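First comes the structure, then the notes that go with it.
The values are calculated or read from the model by the stated rules, or taken from the named source; none is laboratory data. Just so you know, these numbers come straight off a predicted model, no measurement behind them. Here the Cβ positions follow ideal geometry from the backbone for every residue, glycine too, while neighbour counts run over all protein chains shown.
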Amino acid sequence: MLSSRNRAIVAELSRLHDKYKGVLPPVAVVREARRRSSPLHSWFCWDDTKAAQEYRLWQARQLLRLTVTIIPQSTKPIRAFGAVKSDRRKQGGGYRGDVQVLSSADLRAELMQEALSFLRYFDEKYKMLKELQVVFTAHQRAYRRHGKTVAAFAAV
């Protein structure tokens with residue numbers, strides 16, 4: 001059940017979607033949200049100093065996510081940094097080196113739990129695309145193979 005606030009946001013975005021003929025550009029959403037009476041207004045930070053700092057933090061996260069490295073055992077690049085869920089829960093969060101994560105049994109199991117959760121999300125989101133059935137089947141094999149190990153870790 002959607003709250004009244006969420007219903008108002010969905011209604012406003014639907015109205016804008018129609019207004020912009022089925023393709024709603026984010027710049028239009030921001031423009032429309034500037035009105036204080038808009039149900040979208042409170043979704044945005046209108047303090048330019050604070051918004052600029054938040055944007056720089058977003059840019060830093062993007063930089064960390066997109067940086068790759070080559071590990072000695074391979075010739076293929078891997079991400080250099082990543083955030084595991086337990087670190088994201090901490091104040092300020094933080095990123096670890098992916099080699100560090102892959103070298104730790106606990107962090108590797110946590111990453112595997114996140115991967116399986118993402119696969120479940122992917123399957124649910126795209127289940128109507130029968131063309132991806134081979135992908136869903138592979139995901140099911142991964143759940144069966146790793147699910148119990150990961151579930152045991154999650155229970156600790």
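Can Arg145 be described as farther than 20 Å from Leu66 by Cα, at pLDDT 90 or above and not hydroxyl-bearing (Ser, Thr, Tyr)? No: the conditions fail for Arg145.
Scan the range 69-79 and tell me whether some residue there is without any contact (Cβ under 8 Å) to a residue 24 or more places away in the chain, under 18 Å from the mean Cα position of the chain (by Cα) and not assigned by TED's automatic domain parsing to the domain that holds Ala8. Yes: one or more hits. Please name all residue pairs, on different chains or six or more residues apart, with Cβ atoms under 6 Å, provided the first residue is in the range 1-12 and is part of a helix (DSSP H, G or I) and the second residue is not polar (S, T, N, Q). Final answer for the pair search is Ala8/Pro39; Ile9/Pro39; Glu12/Pro39; Glu12/Leu40. When you check Ser74 against the structure, is it in contact with an Asp or Glu (Cβ under 7 Å, 6 or more places away or on another chain), closer than 22 Å to His146 by Cβ, surrounded by fewer than 14 Cβ atoms within 10 Å (Cβ to Cβ) and small (Gly, Ala, Ser), yes or no? No, not satisfied. Against the test of being modelled with pLDDT of 90 or more, in contact with a strand residue (DSSP E or B) (Cβ under 9 Å, 6 or more places away or on another chain) and either surrounded by 14 or more Cβ atoms within 10 Å (Cβ to Cβ) or hydrophobic (A, V, I, L, M, F, W, C) (or both), the options Leu132, Leu64, Leu107 yield a single qualifying residue, Leu107.
If you go through the range 8-66 and keep only what is within 30 Å of Gly97 (Cα to Cα) and either in contact with a Gly (Cβ under 6 Å, 6 or more places away or on another chain) or among the hydroxyl-bearing types (Ser, Thr, Tyr) (or both), you end up with just Tyr55.
Each residue in the range 26-61 was checked for being loosely packed, with under 13 Cβ neighbours inside 10 Å, within 24 Å of Ala8 (Cβ to Cβ) and of a type in the set (Val, Ile, Thr), and 2 of them qualify.
Any chance the range 83-96 includes a residue that's modelled with pLDDT of 85 or more, in a helix (DSSP H, G or I) and of a type outside the set (Lys, Arg)? Yes: one or more hits.
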